[in-house]
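Note sheet for the following structure.
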Amino acid sequence: MKKIYNDVNQMVDEMIDGITTAHSAFLKRLPNTTVITRSDVRVQGKVGIVSGGGSGHEPAHAGYVGEGMLDAAVVGEVFTSPTPDQVLEALKAVDSGAGVLLILKNYTGDVMNFEMAKEMAEMEGIKVEQVVVNDDVAVQDSTFTTGRRGIAGTVFVHKIAGALAETGASLEEVKSIAEKTINNVRSMGVALSSCTVPAAGKPSFVLEDNEMEIGIGIHGEPGIKRVPIENADQITTTLLEKILADIDYSNSNVAVMINGLGSTPEMELYLVSRKVSQLLEEKEITIYRTWVGEYMTSLDMAGFSITVLKLDDQLKEMLNKPSKTIAFSN
Amino acid sequence: MKKIYNDVNQMVDEMIDGITTAHSAFLKRLPNTTVITRSDVRVQGKVGIVSGGGSGHEPAHAGYVGEGMLDAAVVGEVFTSPTPDQVLEALKAVDSGAGVLLILKNYTGDVMNFEMAKEMAEMEGIKVEQVVVNDDVAVQDSTFTTGRRGIAGTVFVHKIAGALAETGASLEEVKSIAEKTINNVRSMGVALSSCTVPAAGKPSFVLEDNEMEIGIGIHGEPGIKRVPIENADQITTTLLEKILADIDYSNSNVAVMINGLGSTPEMELYLVSRKVSQLLEEKEITIYRTWVGEYMTSLDMAGFSITVLKLDDQLKEMLNKPSKTIAFSN
Amino acid sequence: MIILTVEKTKKWMREIQKLMEENKEQLTTLDQAIGDGDHGINMERGFREVMLKIEDTDYDTVADVLKSVAMTLTAKVGGASGPLYGTAFLKMSMEMQGKEVDETVFKAAVKEAVEGIKMRGKAEMGEKTLYDVWNQVANFLEEEPVEDWGALLEVCQATIEDTREMQATKGRASYLSERSKGHVDPGSMSSFYIFQALMTVVETED
Amino acid sequence: MIILTVEKTKKWMREIQKLMEENKEQLTTLDQAIGDGDHGINMERGFREVMLKIEDTDYDTVADVLKSVAMTLTAKVGGASGPLYGTAFLKMSMEMQGKEVDETVFKAAVKEAVEGIKMRGKAEMGEKTLYDVWNQVANFLEEEPVEDWGALLEVCQATIEDTREMQATKGRASYLSERSKGHVDPGSMSSFYIFQALMTVVETED
Ligand SMILES: Nc1ncnc2c1ncn2[C@@H]1O[C@H](COP(=O)(O)OP(=O)(O)O)[C@@H](O)[C@H]1O
Ligand SMILES: Nc1ncnc2c1ncn2[C@@H]1O[C@H](COP(=O)(O)OP(=O)(O)O)[C@@H](O)[C@H]1O
Ligand SMILES: [Mg+2]
Ligand SMILES: [Mg+2]
Ligand SMILES: [Mg+2]
Ligand SMILES: [Mg+2]
């Protein structure tokens, strides 16, 4: 896969400049950092919300910075958690005294780097809470292992926590709604082709023409199993059944996200969305709202993930609040 | 390139169902047609706006249907203009008596099919005007040939005409602002890889690992020339210079769109955006607003296009008006 | 001599369908070289739909069959070829209205079809489009009796070959300017199959 | 016997940098098999930055050098390996504070590093991570004098080999469950290079 870049070691830095220049109306880069914040950062009295992670998942996470969602995104190298000093800069920039919620995805690297930053920030007197998203049902949940990883469901956590924070809620309230969202969101993905990390220069794995990788994450790590490729309805059914088996969705209202991993055309994503609607209707689960598009990608990987979030009235209200960001506007 | 589908001949039909089901809050499908309209279609007193074309360009065109933009999109087979009867259905559905503006891209197929529909609609007493977008500077402009084709600049025409129509302007006024937009918008693209039409099952063309295709359209048709691949800044400079040479942008304010063709990661698009900003600043052309993302794709093609629209106060005002669509929200 | 009857016209369409199906990939490959790679797909879909429509319908006249063909192609093909072939068959149908299709009527009908394509596509001879083939067929028929179908097909083939070195100025291939040279025009090739099918039909005894 | 001086420590880092650069692709390939394919890139970047930082800086003590190393790795690597190696070198530095680095101090420092990795990564022996290698090195040093560096490297290599058939329960490879078996752990391999570089340095005369 050919890439468009100048110097592979400067790609992330130039991307950050590109993002903050293109959207200077509401985003800015903290000088000499890899932190992107709202241009009106440090909103008085508001709990700050910071997320981030390796790059290569665009529009995540900078695409969710803005009114009603994140206050800052900390950008790491491709597929590599950002370092504690950068996260610390973000925490310092957004805290207006009301404290900051860190939203991270459950990867060892992210957890360690963000926790180090949290400790440093607390030493500087900033109140920091953190929540860890782990929505990927492809991975076995267990306290003896790293546990599940966080994937596209994270976007709902950003939206909902961000919306509540905007109302002036306390750090505890914002943390609690983020945790409620995490407890009620499940996802699973499939890859039809690998991604290529620019600095690696070769695909992370190789799939034959008739193969797909079920239970893929968002870092080009291998999935759960490799199987012959099936049709859209079959793949969708496989993923959705695994999601629905994980928590009790019966009679509930849900938000659905069909997330493209990078190079799967929207046309194909909508075939998936169509089947998800049919299956949920059969099971008498009511779709409250659906998002279809690229929200949490894996560079140029072909494939998609399905996310289903079980809603209550509070979550519905927050999902529908206004947000002004690059990739999630209400 | 592997594809996610059920029956290749049903892909477009299932996609339309997928789109209108996922976004039933504001979109619907006209029964037994390939027409997607606003769910509140036939807005009283408002000039209707209809666009469309072959599919494979998603989010175009259904992604631009909604308040403040299109009233209907007519969907054809992959890369194939929709047929006149379908366009006619759209015209009939949206006309509230104020007339309808047809926005089409300059392809022989689109022009012939839409013109046939226009004739039929006029026989049924509907006032129809049409504008033809031809923003691609890669193609030589000439009255003896088909002329230039329409690519991503079309999205700005949708936005601006749609915004003015929403204010209750007359068909003549809406047509005239659409034409002004067309006269002031230029684009050019590059491909790093071909797309694969699902029913064809093989790539439309083959590029070697070190090659790119300059002046690509959005249908997998070959571009203007095949050259060794260059770095992000160089490619961007080549395309932008061709655009800037075509009309006089000096001292003007512009809107910029960096449009991904399908499988190019956003990270790479932002490197392009960064360089465009630098080059325009050097030339003292002021960027009023920038859009970066996938707006007019070519299935799973890798590559991008740059669009530059020269603005006056009226165009600025219309660009900033609210719009509620899948892919272009203000 | 009667050239087309209702039955023969249906058979003509059946033969076209067969040829389009068999040559779907070839037409698509030709269109990939200088177009968007859907011409075979479009033709196969169009004539499949035509057969679905006409196979079990009763028609009184050849004109009625061809009108059905024209409407179906127009409504099911799209792209550039849909309106062009739709117009061609519609014009033929109009010319045949109320007449038996003998040599004179047939020739007049083809001439009308050619005018229709020209009007619809704003095409001229030598622009590397299917108009080239239809125009040469009409010219041939103006001079020759309709008996020598082999010669007519040779005219088609020579015209297709002529399109190879042309620079396209109409249709999608025109975007390529110079680079459109070196490939034959896909629409000219599908037009050839239309006349080849016709030959098979008129040369077989009922 | 003095094991590390300021100069030797710098040389150690230089050797690590060389090995990480040379083996960048190997480490990345290992990480592609059961992780996300960036471990070589991370290590190469990290130690390149370390050298940029320490090469031309004057340090009074080994502890100072290693503190710089730790801060740089923590700030420039990210991912899982950044905090882990950052912590390892920071703990070593803390243990060496105000001391000459002889055998006893060195052994105590490695032990501290191992504790640091364990604390930071919540790792246990046998979870298929770089902790395995560090832990085995510490165990070896507890029994043996530091002279036999060849034997120490053999311990590393055996441990790397042991990770091959393990099922990962920590780090990114744990997402693969069963499928993580059959590949050695990339972090264990980069840890090997760290000790290999150390051997080169301590075995050369100044
Ligand atoms: N203006 C025109 N006049 C006559 N024939 C044309 C014209 N434009 C295109 N064609 C014919 O249509 C063919 C392409 O048809 P097709 O691929 O089905 O449609 P599209 O170009 O819309 O994809 C060309 O090969 C050419 O023969
Ligand atoms: N919890 C942990 N404890 C100890 N080592 C770990 C842990 N998690 C991961 N590692 C080590 O880190 C290595 C991966 O590092 P690297 O690829 O740079 O980071 P990432 O996994 O974030 O991409 C693994 O091979 C493993 O040895
Ligand atoms: Mg990583
Ligand atoms: Mg076409
Ligand atoms: Mg075509
Ligand atoms: Mg890794």
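Readers should treat all values here as calculations from the given coordinates under stated rules, not as data from a laboratory. If you're wondering where the values come from, they're calculated on a predicted model, not measured in any experiment. When we count neighbours, we look across all protein chains shown, and the Cβ atoms used for this are built from the backbone with ideal geometry, even at glycine.
A few points about this structure:
- Each copy carries a label point for B:E124 at 7 Å from Cα toward Cβ; from one copy, the others' points are 6.5 nm away, ordered from shortest.
- Applied to the stretch A:70-80, the Karplus parametrisation 6.51 cos²θ - 1.76 cosθ + 1.60 on θ = phi - 60° returns per-residue 3J(HN,Hα) values of 7, 8, 8, 10, 9, 9, x, 4, 4, 6, 10 Hz, with x for Gly and Pro.
- DSSP assigns beta bridges within the protein assembly as shown; of those with both partners inside it, close to 55 percent run antiparallel.
- Cα-centred dipole magnitude for the stretch A:16-183, charges only on beta-carbon of K, R (+1) and D, E (-1), debye, nearest 20: 240 debye
- With label points set 7 Å from Cα along Cα→Cβ, the inter-copy distances at B:T237 are 5.6 nm, sorted shortest first.
- Per-residue [θ]222 nm for the protein assembly as shown (sum of -39500 (n - 2.57) over DSSP H runs n ≥ 4, rounded to 500): -15000 deg cm²/dmol
- Average partner coverage of A:224-234, which counts Cβ from other chains inside 10 Å: 3
- Cα gyration tensor category, rounded, prolate or oblate, for the stretch A:16-183 with a/c compared to 1.5: rounded
- Inter-copy spacing of D:L52 label points, which lie 7 Å from Cα along Cα→Cβ, given in nm from shortest upward: 6.3
- From phi via Karplus (6.51, -1.76, 1.60), per-residue ³J(HN,Hα) for the stretch D:170-185 in Hz, x at Gly/Pro: 10, x, 5, 5, 5, 4, 7, 6, 3, 5, 6, 5, x, 10, 6, 7
- Residue among A:V137, A:P31, A:G125 farthest towards the positive dipole end of the stretch A:1-139, charges placed on Cβ: A:P31
- Cross-link partners of B:K316 among lysines (Cα-Cα below 16 Å; sequence separation of 8 or more within a chain): B:K159, B:K180
- Proximal lysines relative to A:K2, as straight alpha-carbon distance under 16 Å, when same-chain residues fewer than 8 apart are discounted: A:K202
- Charge tally for D:Q17 (other residues, Cβ to Cβ under 13 Å; Lys, Arg +1; Asp, Glu -1): +3.
- Built amide H within the under 5 Å cut-off of D:G126, gap 5+: D:D132
- Gaussian network model of chain B, Cα within-10 Å springs - most flexible of B:A232, B:A73, B:A199: B:A199
- GNM flexibility winner over chain C from C:I16, C:I160, C:I54 (Cα, springs under 10 Å): C:I54
- Dipole magnitude (debye, nearest 20) for the stretch B:185-318, charges at Cβ of Lys, Arg, Asp, Glu: 160 debye
- With the charge dipole of chain A set up from +1 on Lys and Arg Cβ and -1 on Asp and Glu Cβ about the Cα centre, the Cα lying farthest toward the positive end among the listed residues A:V100, A:I235, A:N184 is that of A:V100.
- For C:K128, a cut-off of 12 angstrom between C-alpha atoms picks up these aspartates and glutamates, skipping any fewer than 8 places away in its own chain: C:E161, C:D162, C:E165, C:D185.
- Pairs from A:K283/B:K324; A:K92/D:K76; C:K8/C:K107 whose Cα-Cα separation, in the structure shown, is over 24 Å: A:K283/B:K324
- Beyond 21 Å, the tail of the calculated P(r) for the stretch D:2-203 holds 47 percent of the Cα pairs.
- Here's how it looks for A:I216: its modeled amide H is under 5 Å from those of A:G189, A:V190, A:A191, A:I224, which are all 5 or more places away or on a different chain.
- Other protein chain C-beta atoms within 10 Å of residue C-beta, averaged over B:111-121: 3.
- Near A:S55, the amide H atoms lying under 5 Å from its own belong to A:G76, A:E77, A:V78, A:F79, A:T80; only residues 5 or more places off or on other chains count, and H is placed 1.01 Å from N.
- Farthest toward positive dipole pole in the stretch A:192-324 [+1 Lys/Arg, -1 Asp/Glu at C-beta], among A:M267, A:M318, A:S204: A:M318
- Charge sum, other residues only, whose C-beta stays under 12 Å from A:D13's C-beta, Lys/Arg counted +1 and Asp/Glu -1: -2
- For D:G121, net neighbour charge (Lys/Arg +1, Asp/Glu -1) across residues whose Cβ lies under 14 Å away: 0
- With a 10 Å cut-off around each Cβ of D:21-34, the average count of Cβ atoms from other chains is 3.
- When +1 charges are put on Lys and Arg Cβ atoms and -1 charges on Asp and Glu Cβ atoms, the dipole computed for the protein assembly as shown relative to its Cα centre reaches about 2460 debye.
- Among C:P145, C:P83, C:P186: highest mean-square fluctuation, GNM of chain C, C-alpha pairs under 10 Å: C:P145
- Nearest-to-axis residue of chain A, judged by beta-carbon position, where the axis maps A onto B, in Å: A:S263, 2
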